[in-house]
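See structure below.
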Amino acid sequence: MSNFHTIFEAAIQQLGGREAVQKLLSVGASALSNYRQRAQIPAAKRAKLEEALAAKGWHLDLEGLQLTPLSQARQQRILLLITGGIAAYKALDLSRRLMDRGYQIRGVMTRSAMEFITPLSLSALTGEKVYSDLFSLTDEAEMGHIRLARDADLVLVAPATANFIAKMAHGLADDLASTICLATDCPVMIAPAMNPNMWAHPATRANLDILIKRGAGLIAPEDGDTACGEIGTGRLADPQVIISAIDARLARHSAGADSPLQGKHILITSGPTFEPIDPVRYVGNHSSGKQGHALAAACARKGAKVTLVTGPVHLADPDQVEVIKIQTAKQMYDACMAQLPVDCAICAAAVADWHVVNGGQQKIKKTAKGTPQLALAENPDILASLSQHENRPSLVIGFAAETENLAEYARAKRARKKCDWIVANQVGGTGEAGVFGQDSNHVTIIDGDGMQDWPRASKKEIADKLVQKIEAWFHDHKR
Ligand code: CTP
């Protein structure tokens, strides 16, 4: 039987042993023994442990005393969109088989699908409410179409009619199912079923080409007799073929293999810089590096080649990331420039604006002459230099920490530094609003399209969300 001790030891093994975990949590050997003895881990350390395990594909549940592979930690959710063809009846068997396979199924039906099967039969099979109306007040109150679209790990359109494929290709959103296809940010798979002539028609082929280019997965129909009595290609793929395609797609997706960031080189700055006054003193700031490091980890999970240039922080190096440790702004600038060309740069560091030019080679001593007068000179601006470099990364993202006039200053900063996006946050308040050193963040994104205010979330969640936005950008700007 599992107890805290065995789960904790198993977690330590997965993370590469005691020393690795001490380094990860920035604690000594005695702290690990204390955690084990007390069967308790402080919240912040525990979050770090969970995050590192998740990056290695494990889910740590200390309440339930379980360490399980992420794939088994929860059922993956498939949103099944059934559109209106005779093959709609096959979606019932398909949904049951998908559930047997361990997936959780939520059904959405178009109006014409309901001419072939009833929502009641699907709902009886899946044990879930079946959705069909875009403008149902009760559905919107229970679960809006946006949440429905986002609350899935995969959207499966089966069967997909020629008409529905055309609507998807052209971005129409005149019913719930097509609106979901526009609103979702998870993988979409299409299993068409139609008359062989419709399948072969150049319009259908062109529409499918558009969808495949955008990243949708096609589960091609099979040859044989079709319901309309013609022989040719157009029968909905066998359920087993559909299930295998879904298994493979979800496995690739969770490994980041189908991310547009796969193989991209991303440069990230993080933490503060320390500008020496003399060999023992420096000018620094409160940046913890948590947001920059979380971004580096999130990009690496998507298969990007990540170079993290970081000032002094008390954080473990993220897995699968090249880490360059520097002290001063000038060193950070040199390290960043040496990395060019890169595909994307994210400047999350709180770079000191000035360095001391009349510091001491030796420790400055108190003398009768009075207080030393420090002279400062401006540091190079890394973000502005990257944005205006002849080898400019395709996407340059800056941060703006402001204590007042957030939107106005951040917009001006984006224009002045010529970066693509600014992630702005209010700093200087107390508690959570202070941001520096906290585990959560409240940010506003300013890009070419305007401003998006994201709700307060953990720095890891903000990193994941920003990486999704970066993925979408690279997806739309495929070269
Ligand atoms: N930045 C940088 N190099 C610098 C200063 C800032 O790369 N020498 C980057 C930061 O990493 C951040 C963005 O510029 O992405 C904004 O940093 P911030 O300190 O808010 O802006 P400042 O340039 O200091 O502007 P201001 O003094 O007006 O706040």
- Message: Students often forget the sequence filter, so: which aspartates and glutamates lie under 13 Å Cα-Cα from Lys363 once same-chain residues fewer than 8 apart are removed?
- Response: Asp278
- Query: How high is the FRET efficiency between Lys418 and Met451 when r is their beta carbon distance and R₀ equals 25 Å, given to the nearest 0.05?
  - Reply: 0.85
- Query: When the Karplus curve 6.51 cos²θ - 1.76 cosθ + 1.60 is applied with θ = phi - 60°, which whole-Hz ³J(HN,Hα) does each residue of the stretch 123-132 get, with x for Gly and Pro?
  - Reply: 5, 5, 6, 8, x, 10, 4, 9, 9, 8
- Neighbours of Leu315 by Cβ distance under 14 Å: Lys/Arg at +1, Asp/Glu at -1, summed charge +3
- Quick one: of Lys302/Lys325; Lys45/Lys459; Lys418/Lys460; Lys264/Lys465; Lys305/Lys325, which pairs are farther than 25 Å apart, Cα to Cα? Lys418/Lys460
- Task: Calculate how large, on average over all directions, the projected area of the Cα convex hull of the chain is; give the answer in nm² to one decimal.
- Result: 28.4 nm²
- Convert 25 °C to kelvin, take the viscosity as 0.890 mPa s, use the Kirkwood radius over C-alpha pairs of the stretch 3-69 as Rh, and evaluate the Stokes-Einstein diffusion coefficient in µm²/s, rounded to a whole number. 210 µm²/s
- Query: Size of the dipole of the stretch 202-320 about the Cα centre, Lys and Arg at +1 and Asp and Glu at -1 on the beta carbon, nothing else charged, in debye to 20?
  - Reply: 440 debye
- With runs of 4+ DSSP H residues as the only contributors, calculate the mean residue ellipticity of the chain at 222 nm using -39,500 (n - 2.57) per run, divided by the residue total and rounded to the nearest 500. -11000 deg cm²/dmol
- Note, ³J(HN,Hα) from phi for the stretch 359-366, Karplus 6.51, -1.76, 1.60, rounded to Hz, x at Gly and Pro: x, x, 6, 10, 4, 6, 9, 5
- Task: Please list, in chain and number order, the residues 5+ apart from Val323 or on another chain whose amide H is under 5 Å from its amide H, with Hs placed from the backbone.
- Result: Leu308
- Message: Can you say what percent of the DSSP beta bridges in the stretch 1-108, counting only those with both residues inside, are antiparallel? Round to 5.
- Response: 45 percent
- Identify all aspartates and glutamates with a Cα-Cα distance to Lys167 below 20 Å; exclude those on the same chain that are fewer than 8 residues away in sequence. Glu115, Asp133, Asp175, Asp185, Asp209, Asp476
- Item | Given charges at Cβ of Lys, Arg, Asp, Glu: the stretch 311-422 dipole, positive-most of Gly360, Ile324, Ile346 | Gly360
- Sites Ala257 and Ile210 - FRET efficiency at Förster radius 30 Å, r taken between beta-carbons, to 0.05: 0.85
- For the stretch 197-312, the Rg and Dmax computed from alpha carbons only, in angstrom: 25.2, 87
- Note on the structure: When every protein chain stays in place and a 1.4 Å probe is rolled, Arg111, Arg301, Arg106 sorted by accessible area with the largest first are Arg111, Arg301, Arg106
- Query: Which aspartates and glutamates have a Cα less than 17 Å from the Cα of Lys290, not counting those fewer than 8 places away in the same chain?
  - Reply: Glu50, Glu51, Asp317, Asp319, Glu322, Glu432, Asp439, Glu461, Asp464
- Message: With θ taken as phi - 60° and the coefficients 6.51, -1.76 and 1.60, list the Karplus ³J(HN,Hα) couplings across the stretch 216-233 in order, rounded to whole Hz; mark glycine and proline as x.
- Response: 5, x, 9, 10, 5, x, 9, 7, x, 6, 9, 4, 7, x, 9, 9, x, 8
- Charge dipole of the chain built from unit charges on the beta carbon (Lys, Arg +1; Asp, Glu -1), centred at mean Cα; most positive-end Cα among Phe116, Pro312, Gly229 is Pro312
- Task: Please get the size of the charge dipole for the stretch 77-256, origin at its Cα centre, with Cβ charges of +1 on Lys and Arg and -1 on Asp and Glu, quoted in debye to the nearest 20.
- Result: 380 debye
- Search the structure for amide H atoms under 5 Å from the amide H of Lys305, placed 1.01 Å from N in the peptide plane, and list their residues when 5 or more places away or on another chain. Gly263, Lys264, His265, Ile266
- Task: Please list the non-local residues whose amide H lies under 5 Å from the amide H of Ile277, H modeled 1.01 Å from N, same-chain partners needing a gap of 5 or more.
- Result: Tyr282, Val283
- For the stretch 77-256, the charge dipole (Cβ of Lys, Arg +1; Cβ of Asp, Glu -1; about the Cα centre) points to a positive end, and the Cα of Tyr103, Leu81, His201 closest to that extreme belongs to Tyr103
- What is the magnitude of the charge dipole of the stretch 3-69 about its Cα centre, with +1 placed on the Cβ of each Lys and Arg, -1 on the Cβ of each Asp and Glu, and no other charges, expressed in debye to the nearest 20? 220 debye
- Can you tell me the Rg and Dmax of the stretch 293-379, counting just the alpha carbons, in angstroms? 17.4, 59
- What area, in nm² and to one decimal, does the C-alpha convex hull of the stretch 350-479 cast on average over all directions? 11.6 nm²
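The values are calculated or read from the model by the stated rules, or taken from the named source; none is laboratory data. Here the structure is a predicted model, which means the values were calculated and not measured. Note that we place each Cβ from the backbone using ideal geometry, even for glycine, and neighbour counts take in every protein chain shown. Note: areas computed on protein heavy atoms with side chains; ligands, DNA, RNA excluded. Shrake-Rupley method; radii C 1.70, N 1.55, O 1.52, S 1.80 Å.
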